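Read the figures in this text as sums done on the coordinates, not as results from a lab. Remember, predicted model here, so these are calculated numbers, not experimental data. Reconstructed Cβ throughout: ideal geometry from the backbone, glycine too, with neighbour counts over all protein chains shown.
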Amino acid sequence: MSDPLLEVCGLSVELSGPPPVRPVQSVDLVVHAGETLCVVGESGCGKSLTALALMGLLPAGMRRDATTLRLAGEDLLGASANRLNDLLGDRMAMIFQDPMTALNPVLTIGEQLEEVWRRHRPAAPKAGRERALLLLERVGVPAAAARLLQFPHQLSGGLRQRVMIAMALMCDPVLLIADEPTTALDVTIQAQTLHVLATLRREFGAGMILVTHDLGVVARIADRVAVMYAGQIVETAPAAALFATPRHPYTRGLLGAIAVPGRQRPRERLSTIPGSVPAPTDAVRGCLFAARCPEVQPACTAAPVMPRDAGAGHFVRCVRA
Amino acid sequence: MSVSIVQSGPARRKHRILKHGGLIFGAFVLGLVVAVSLAAPLLAPYDTAAQDLFHRRSPPIWHDWLFGGHRATWAHPLGTDKVGRDYLSRLMYGGRISLLIGLSAACVSGVIGTTLGLVAGYFRGWWDMAVNFAVTTRLSLPVVLVALVVVSVYGNSLPILVAVIGLLAWDRFAVVSRSLALQASQRDYVVAARALGCSVPHILLREILPNLAAPLIVIATLEMANAILFEAALSFLGLGVPPPLPAWGLMLAEAKEDIFFNSWMIFQPGLLLFLLVLSINMLGDGLRDLNASARR
């Protein structure tokens, strides 16, 4: 396979303060050009922080640590702050979770879209307006020319999310990072937005990391899936393989907890995973899932578990794999 | 494909503006003062320093109407001062000085205070502590005394007055813009702007500052009113606008020995000062109400 578009090795996020806490621990990710990688996991497992860490946008008090971080062959760890700022919005762009708050309420849609262009393409400032108009039409915003002059509060949530997508695509990035782009939307709008996102990603040929907790979204859009648990990636696999043969007990538990109409008997409870996620402050020696795992063995708690290659692009952080 | 877009926002806003009596009154009076001041060279019948020594302390026309007598002359409809200078002309030009000082002082303090507040609210940490220290230091200075000292050392000219008032009145701008910038910098759209590679000055000036505009404009009006009053107070103490400039505060000071026998001399500039400050405050209050209802 060709060189990966994004290569991440040993990405950790550390929250300073006594005691230092690591909500994301040694995450390895690879995204190829034109590929959609879904990062799934429950709330608080570190998926959003991973996305922010990739962009270098961690909140104050958090520190990023990684051994490798390369975008299209360019080392981002050694890059200057100016170079990183140039890359953001141009080569890699982010779509945020809540379209109601991620647009500036006092600037028009057109101003906000054109601003991205002016920031990264100062040589051709005039072309920004056409590009904004074109993209608004492509993401399916009706009456695009009139929308350019409107303020965010005049648009519905679904339209705003489309504007956010258009904004991320302004400079034709090679990597899109979407942090739960459909969570704040109605189910019907979710489907439309996902469709727009998938279509455009294909057209623009960008790689995409989609952070979500919705396995339905994963099934629709993912080429590969990374399952996160308590700040670690516990399983990475091509989407079809992950749904067909989940190897990690946590993934199996997640898939088993999905309600499928017709599969349950009446009044049967959905299956759940017993116990709860260890707090990031807990010192867990071995596998983080061991305390809740139905198939726990002595080896699980003896030493930290490393990801193992299970063949065919399937990596599992489990001693039994 | 034709989609009609409802443009109800501006129409509703217009309605709210027209319903707000204080706002209308303030805007009208202030507009009148501004118009007359700007047109003073065209409207004023005399030079502000021209003396009509045959008509000294000539009372205004309305004084004769109210209290009888035939001392007033149509040559000086609002009377003359003790050296025979035309009150109407001086009052017209006086509005210029009040507005000029109010506006420039509010600009100076607005720029200083907003800059400090933005930096403190966005960067937090040490910057915040430094700005808070500056604000508390500023608040503990006795404004009038400092102004008196500065003016008596550096002399009284318009630029010095503006600088003194501006440098002593930025605290409210700083406090308000700090707290608003603190809130705004946590918003998603600021993170989104960073995610698009925007520089810090760009985020401060283009993303955050416009969100602060409405409350800052309200403060600017109130600070402008304060500056005008402060200038009048300094002028009254003889440390403000240098004579023979026709400032309203100075006219009050020059008329103080006439307060018992020619009270109209002190009454007219006083009334104008009162109306101007009242109208600016009412305009500010109105803008604040409008802003609050726009947010609901």
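Once both axes come from the Cα atoms, what is the angle between helix A:109-120 and the longest principal axis of chain A, in degrees from 0 to 90, rounded to 10? Roughly 80 degrees, rounded to the nearest 10.
Calculate, for residue A:79 and residue B:154, the FRET efficiency according to 1/(1 + (r/R0)^6) with r their C-beta to C-beta distance and R0 60 Å; round to the nearest 0.05.
On the way: r = 51 Å, r/R0 = 0.86.
Taking R0 as 60 Å, the efficiency between residue A:79 and residue B:154 is 0.70.
Put in line by how crowded their Cβ is, counting other Cβ atoms within 10 Å and starting with the fewest, A:147, A:220 read A:220, A:147.
Which of the listed residues, A:84, A:45, A:21, is farthest toward the dipole's positive end in the stretch A:1-101, when Lys, Arg count +1 and Asp, Glu count -1 at the beta-carbon? Farthest along the dipole direction, towards plus: A:21.
Take the convex hull of the alpha carbons in chain A; its mean projected area over all directions comes to 18.4 nm². The mean number of partner chain beta-carbon atoms within 10 angstrom of a residue's beta-carbon across peptide A:102-110 is 5.
For a Förster distance of 22 Å, can you work out the FRET efficiency between the beta-carbons of residue A:149 and residue A:199, rounded to the nearest 0.05? Can you show the working numbers first?
Numbers: r = 26 Å, r/R0 = 1.19.
Between residue A:149 and residue A:199 the formula returns 0.25.
Per-residue Cβ neighbour counts within 10 Å put A:100, A:208 in the sequence A:100, A:208, beginning with the fewest. Multiplying the residue separation of residue B:111 and residue B:213 by 0.36 nm and subtracting their alpha-carbon distance yields 35.5 nm. Here r is the Cβ-Cβ distance between residue A:276 and residue A:63 and R0 is 25 Å; the resulting FRET efficiency, rounded to 0.05, is 0.40. Multiplying the residue separation of residue B:67 and residue B:199 by 0.36 nm and removing their Cα-Cα distance gives an extension gain of 40.7 nm. Put a plus charge on the Cβ of each Lys and Arg, a minus charge on the Cβ of each Asp and Glu, and nothing anywhere else: the dipole of the stretch A:209-266 about its Cα centre is then about 220 debye.
Its Cα gyration tensor gives the stretch A:203-314 an equivalent ellipsoid; the semi-axes, largest first and in whole Å, are 25, 21, 13.
Across all directions, the average flat footprint of the convex hull enclosing the Cα atoms of the stretch B:16-295 is 17.9 nm².
About the centre of its Cα atoms, chain B shows a dipole size close to 980 debye [charges on the beta carbon of Lys, Arg (+1) and Asp, Glu (-1) only; nearest 20 debye].
Can you put B:259, B:266 in order, fewest other beta carbons within 10 Å first? Before the final figure, lay out the partial values.
Values: B:259 12, B:266 19.
By the 10 Å Cβ count, ascending: B:259, B:266.
Using only alpha carbon positions, build the gyration tensor of the stretch B:31-109, then give the equivalent ellipsoid semi-axes as the square roots of 5 times its eigenvalues, largest first, whole angstrom.
Numbers: eigenvalues 157, 35, 24 Å².
They are 28, 13, 11 Å, listed largest first.
In this label model, residue B:54 and residue A:259 are separated by 10.1 nm, measuring between points 7 Å along each Cα→Cβ vector. The mean number of Cβ atoms from other chains found within 10 Å of a Cβ in peptide A:82-89 is 3, as a whole number.
Using θ = phi - 60° in the Karplus curve 6.51 cos²θ - 1.76 cosθ + 1.60, the 3J(HN,Hα) couplings for the stretch B:103-120 round to 5, 5, 5, 5, 5, 4, 5, x, 5, 4, x, 5, 4, 4, x, 4, 4, 5 Hz; x is entered for Gly and Pro.
The three principal axes of the C-alpha atoms in the stretch A:25-161 carry coordinate ranges of 47, 38, 32 Å, sorted with the longest axis first. Against chain B, whose longest principal axis comes from its Cα atoms, helix B:171-184 is set at around 20 degrees. Note: relative contact order over chain B, using C-alpha pairs below 8 Å and six or more positions apart, is 24 percent. Compared with the dominant Cα axis of chain B, that is its longest principal axis, helix B:21-38 is turned about 60°. Over the protein assembly as shown, all Cα pairs binned in 10 Å intervals from 0 give whole-percent P(r) values of 3, 13, 18, 17, 14, 11, 9, 6, 4, 2, 1, 0, listed from short to long. Ordering A:11, B:122, B:280 by Cα displacement along the dipole of the protein assembly as shown toward the positive end leaves A:11 in first place; charges were set at the Cβ atoms of Lys, Arg (+1) and Asp, Glu (-1). When +1 charges are put on Lys and Arg Cβ atoms and -1 charges on Asp and Glu Cβ atoms, the dipole computed for chain A relative to its Cα centre reaches about 540 debye.
Cα centroid separation, the stretch B:156-178 to the stretch A:22-57: 49 Å. Peptide A:112-123 is shielded by partner chain Cβ atoms: per residue, an average of 2 of them sit within 10 Å of its Cβ.
How fast does the stretch B:225-296 diffuse by Stokes-Einstein, in µm²/s, taking the Kirkwood radius from C-alpha pairs at 37 °C and 0.692 mPa s? Intermediate results must be reported in sequence, preceding the final value.
On the way: Rh = 13.5 Å.
Using the Kirkwood radius from Cα pairs, D works out to 243 µm²/s.
Using +1 at the Cβ of each Lys and Arg and -1 at the Cβ of each Asp and Glu in chain A, identify which of A:221, A:274, A:199 lies farthest towards the dipole's positive end. Highest projection toward the positive end goes to A:274.
The HN-Hα couplings worked out from phi for the stretch B:57-70 by the Karplus form 6.51 cos²θ - 1.76 cosθ + 1.60 (θ = phi - 60°) are 6, 6, x, x, 3, 5, 5, 4, 4, 7, 10, x, x, 10 Hz, whole numbers, x standing for Gly and Pro. Build a GNM of chain A with springs between Cα atoms under 10 Å apart, and of A:265, A:91, A:162 the one that fluctuates most is A:265.
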